[in-house]
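To start, the structure under review is shown below, and the notes come after it.
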Amino acid sequence: QEQLVESGGGLAQPGGSLRLSCAASGIRFAIHAMGWYRQAPGKQRELVAAITRDGISNYADSVKGRFTISRDNANSTVHLQMNSLKPEDTAVYYCNAAWLGVQYWGQGTQVTVSS
């Protein structure tokens, strides 16, 4: 059974850091593009960062230079290192796996940035 499980969310102060992880099981992880999305209250879900099967990454303009996505194919894991966090980064963060139009989603992890 396909499953994505996020971890690492929590409370951080403005300017702080958090590292999110997503562990995949039941899928051929290496062939999937992986992504992190987020959804703030009252807003649509948006792409934060994505990484192709070949390791090419792209980022939303709002997080460029602050967030870094990486993948570990040997352990079927994708990470999102978030630095210089801002209150506007507060959202539920979701892990996504995609291949040939088929997508899988994690259950989400809450990130709150507040002093």
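The values are calculated or read from the model by the stated rules, or taken from the named source; none is laboratory data. What you are looking at is a predicted structure, and each value in this text was computed from that prediction instead of being measured. Quick reminder, even Gly has a Cβ in these numbers, built from the backbone with ideal geometry, and neighbours come from all protein chains shown. Heads up: the accessible areas ignore ligands, DNA and RNA and are worked out on the full protein's heavy atoms, side chains in. Shrake-Rupley method; radii C 1.70, N 1.55, O 1.52, S 1.80 Å.
Things to note:
- In this structure the chain gives 53 Å² per residue of accessible area when probed at 1.4 Å with all protein chains present.
- Computed accessible area, residue 45, all protein chains, 1.4 angstrom probe, square angstrom: 90 Å²
- Point-to-point label distance, residue 13-residue 81, nm (Cα→Cβ direction, 7 Å offset): 2.2 nm
- The label point for residue 2 and the one for residue 57, both projected 7 Å from the Cα toward the Cβ, are 2.4 nm apart.
- Contact order normalised by residue count of the stretch 1-62, Cα under 8 Å, 6+ apart, percent: 24 percent
- In the chain, the DSSP beta bridges split such that about 95 percent are antiparallel, to the nearest 5.
- Neighbourhood charge, 14 Å Cβ-Cβ cut-off, centred on residue 29 and excluding it, Lys, Arg +1 and Asp, Glu -1: 0
- Pairwise FRET efficiency - residue 66 versus residue 102, Cβ, R0 = 25 Å, nearest 0.05: 0.25
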